[in-house]
Amino acid sequence: MCGIVGYVGPRPVIDVLLPGLTHLEYRGYDSAGVALIRDGSMDVIKTAGRIADLVALVGREAPRPAISGIGHTRWATHGAPNTVNAHPHTDDGGDVVVVHNGIIENWAILKRKLTEAGHEFTSDTDTEVVAHMLADLSDLPLIEAVRQVMNQSEGALALAVMRRSEPNVIVGARRGSPLVVGRGDGENFLASDIPAFLEHTREMVIIEDDRVVEVRPGSIRLIDLEGNELEPEHRKVEWDLEAAERGGYPTFMLKEIHEQPHAIGDTLAGRVSETGRVVLDELDIDPDLLRRIDKVFVVACGTSYHAAMMAKYAIERWTRLPVEIDIASEFRYRDPVLDERSLVIGISQSGETIDTLAAVRYGKAQGANLIGVSNVVDSALARESDAVLYTRAGPEIGVAATKTFTTQLVALQLLGLYLAQVRGSMDPGRIEVLVREMLRLPEQVELALGASGEIERLTRKWKSVRDYFFLGRSGDFPVAMEGALKLKEIAYVRAEGYAAGEMKHGPIALIEKGVVVVGVVTDSHVRAKTLSNMEEMRARGATIVLVAEEGDDVGAVADHVVRVPAGPDLLCTVTAVVPLQLLAYHVATARGLDVDKPRNLAKTVTVE
Ligand code: M6R
């Protein structure tokens, strides 16, 4: 996720771009840059760091006045977040300049072809291929050249492009990643999101997927990827600036919950082949080494630990390797036995959690190999790992992890299947079936989000409930744990996540009328046993809510059933957690709490 802004018109261009980028900083903030064009000259100014660093740099470099410009705030997906990889990117001759949001899945093939044709690349980004491809199309009008580039590029992307020889034109294109035009009087704006131009205009034009738009001071021209002219559709923005930054959602948490289908699509992008194989070329680790591994340790904290629980089930089931999981802050103190044949997987969305870093350092010191799973490119965990798998969820502002959890689950499922593939522990046909099912997850999560209204109505009845249990077995157990953590941290009510079968060994003493028990029943091989455990809770007066797959006849046990789309065991964790995120959200908002900034918590915990 990155932020794009563009402006063409009579105002001082830099005074539009920099505030616009500041309003888009929620989309990413590891590096930033601008490009400005006037009368055949182009200035590109960019830096690692935040928009404030770019503002300071622009102040020092004092760019020439311009008539058009584009800007970018980056959330790295390809290449470390440094100045060279910061956008904008240009071709060898500095004639074309591009900013980009999204992932160009076939960038490696495109880059190879361009390199063979003599183009020299300066960055490690996927974006730079666009600049070089456009340079080869210099005889075409820019809009036509961008249309051709879009037709050759795979994946979700949004672009804004300028060319020195067409100084009063910005061309944008969109497929899967957002892009809108702000329509002014004798001026126009292009941006990833409305806040970038809302202080200048409330008139906008929606750009649909697979469209290319040409923006000049006095005109907006829209074409499709076949080159057909289209009529731009005008809209008026009704939100204020603050609401617009949250995309119209009342909180960042709700926005991030709803971003999950897109985020999961990004996690999967380019990581599976057409033949149903897992392709993790980015995982820079010798397959022979992965074949020699005889034990896996997974370490993480909080929500990431719940992803580790799922990873244990997946890796053991698919590779038959023994897997130990540890809460990172406990790992070192039990003297675990590791050696050169051990694989440590450290999971941390921020990549900066000190407990997790200490745990993986301990593992490395014993000679183990380390794979990091992180959302933040070039985080401490990423830098210290032998290989890293990024979750690509984009920045998460709400303190409660939501989209970063579901993307962790998906990344770890990919990793589990990849290990199975490399080690030959699973039939390739079975891997292919699961890979194809994984590709349905974005659509299935979208369906699961449809239960929001129903869950809100349900939770309205629970204003006085003080005790919740979340129960599950096998793959449903980590989901239950995550449901309980979400409710505790944002609604401040007691919620226990428990293995359903363990309740009878003590905690069942707490069950009485007025307690809400949420059972997760998506893992088929423990379904019957979980349902029996839920009967035990019901017999003692608890209100029973079940999260169950569409079509599964579980109704008799429950006071209420929330449905999620049916899917294979373990993959279902991704959809099953969505109703629980929504449940926590609605309980907390009904209690009037600030879900984005719950008390006593910090997004990243850098103390032991
Ligand atoms: O950045 P990390 O994934 O290492 O963070 C770990 C935990 O601090 C984090 O998951 C925390 O539990 C969240 N507040 C959960 O919503």
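General remarks:
- Lone qualifier among Asn168, Asn101, Asn85 - being open to solvent by 10 Å² or more (accessible area, probe 1.4 Å), of a type in the set (S, T, N, Q) and in contact (Cβ under 8 Å) with a residue 40 or more places away in the chain: Asn168
- Out of Gly276, Gly265, sole residue that is more than 16 Å from the ligand (Cβ to nearest atom) and either more than 30 Å from Arg27 (Cβ to Cβ) or open to solvent by 40 Å² or more (accessible area, probe 1.4 Å) (or both): Gly276
- Flag if Glu256 is open to solvent by less than 10 Å² (accessible area, probe 1.4 Å) and more than 20 Å from Ser474 (Cα to Cα): yes
- Reported count of residues in the stretch 19-49, each being modelled with pLDDT of 90 or more, in contact with a strand residue (DSSP E or B) (Cβ under 8 Å, 6 or more places away or on another chain) and either over 19 Å from Val215 (Cβ atoms) or of a type in the set (Asp, Glu) (or both), is 10.
- Residue check, Glu512 out of contact with any Gly (no Cβ under 8 Å at 6 or more places or on another chain), in the same structural domain as Val561 (by TED's automatic domain parsing) and either of a type outside the set (Lys, Arg) or in a strand (DSSP E or B) (or both): no
- Output for the stretch 535-550, where each listed residue is under 18 Å from Pro568 (Cβ atoms) and part of a strand (DSSP E or B): Val547, Ala548, Glu549
- Only one of Asp569, Asp553 that is assigned to a loop (DSSP other than H, G, I, E, B), open to solvent by 50 Å² or more (accessible area, probe 1.4 Å) and out of contact with any Cys (no Cβ under 9 Å at 6 or more places or on another chain): Asp553
- Conditions (1) within 16 Å of the ligand (Cβ to nearest atom); (2) over 30 Å from Arg292 (Cα atoms); (3) touching a residue at least 60 places away in the same chain (Cβ under 8 Å); number of the one not met by Pro478: (2)
- Output for the stretch 581-607, where each listed residue is away from the ligand (no atom under 12 Å from the Cβ) and among the aliphatic types (A, V, I, L, M): Leu582, Leu583, Val587, Ala588, Ala590, Leu593
- A count restricted to the stretch 386-398 and to residues that are open to solvent by less than 10 Å² (accessible area, probe 1.4 Å), over 9 Å from the mean Cα position of the chain (by Cα) and more than 12 Å from the ligand (Cβ to nearest atom) stands at 2.
- Hits in the stretch 333-357 - residues which are within 16 Å of the ligand (Cβ to nearest atom) and either outside the structural domain of Thr404 (by TED's automatic domain parsing) or within 14 Å of Gly367 (Cα to Cα) (or both): Val344, Ile345
- Residue tally, condition surrounded by 15 or more Cβ atoms within 10 Å (Cβ to Cβ) and under 14 Å from Asn188 (Cβ atoms), over the stretch 207-228: 9
- Of the criteria (1) at pLDDT 95 or above; (2) among the aliphatic types (A, V, I, L, M); (3) more than 30 Å from Ile51 (Cβ to Cβ), which one Ala108 fails: (1)
- Filter result (more than 24 Å from Ile325 (Cβ to Cβ), in a loop (DSSP other than H, G, I, E, B) and touching a residue at least 40 places away in the same chain (Cβ under 8 Å)) within the stretch 414-440: Leu439, Arg440
- Residue in the stretch 489-506 that is in contact with a Gly (Cβ under 9 Å, 6 or more places away or on another chain), more than 16 Å from the ligand (Cβ to nearest atom) and in a helix (DSSP H, G or I) present: yes
- The lone exception for His586 - which of (1) in a loop (DSSP other than H, G, I, E, B); (2) in contact with an Asp or Glu (Cβ under 9 Å, 6 or more places away or on another chain); (3) of a type outside the set (A, V, I, L, M) it fails: (1)
- Test: Arg74 is more than 27 Å from Thr391 (Cβ to Cβ), open to solvent by less than 30 Å² (accessible area, probe 1.4 Å) and among the basic types (Lys, Arg): no
- Filtering the stretch 232-264 to residues that are modelled with pLDDT under 85 and of a type in the set (A, V, I, L, M) leaves Val237, Leu241, Ala243, Ala244.
- In the set (1) part of a helix (DSSP H, G or I); (2) within 20 Å of Leu409 (Cα to Cα); (3) within 16 Å of the ligand (Cβ to nearest atom), the condition left unmet by Leu447 is number (3).
- Within the stretch 358-375, the set of residues being open to solvent by 20 Å² or more (accessible area, probe 1.4 Å) and within 15 Å of the ligand (Cβ to nearest atom) comprises Arg361 only.
- Out of Ala411, Ala401, one residue alone is within 16 Å of the ligand (Cβ to nearest atom), outside any helix (DSSP H, G or I) and open to solvent by less than 50 Å² (accessible area, probe 1.4 Å). It is Ala401.
- Look at the stretch 9-31: where a residue is open to solvent by 40 Å² or more (accessible area, probe 1.4 Å) and a partner is modelled with pLDDT of 95 or more, sitting 6+ places away or on another chain with Cβ atoms under 7 Å, you get Pro10/Gly186; Pro10/Glu187; Arg11/Glu187.
- Neighbours by Cβ (under 6 Å, 6+ apart or cross-chain): first from the stretch 307-331, polar (S, T, N, Q); second open to solvent by 40 Å² or more (accessible area, probe 1.4 Å) and part of a helix (DSSP H, G or I): Thr319/Arg423
- Set side by side, the residues Glu502, Glu512, Glu489 differ, and just one is of a type outside the set (Lys, Arg) and closer than 14 Å to Leu580 by Cα, which is Glu489.
The values are calculated or read from the model by the stated rules, or taken from the named source; none is laboratory data. Predicted, not measured: the structure shown is a model, and the values here were computed from it. Backbone-built Cβ (ideal geometry, glycine too); neighbour counts: all protein chains shown. The accessibility values were calculated without ligands, DNA or RNA, using every heavy atom of the protein model including side chains. Shrake-Rupley method; radii C 1.70, N 1.55, O 1.52, S 1.80 Å.
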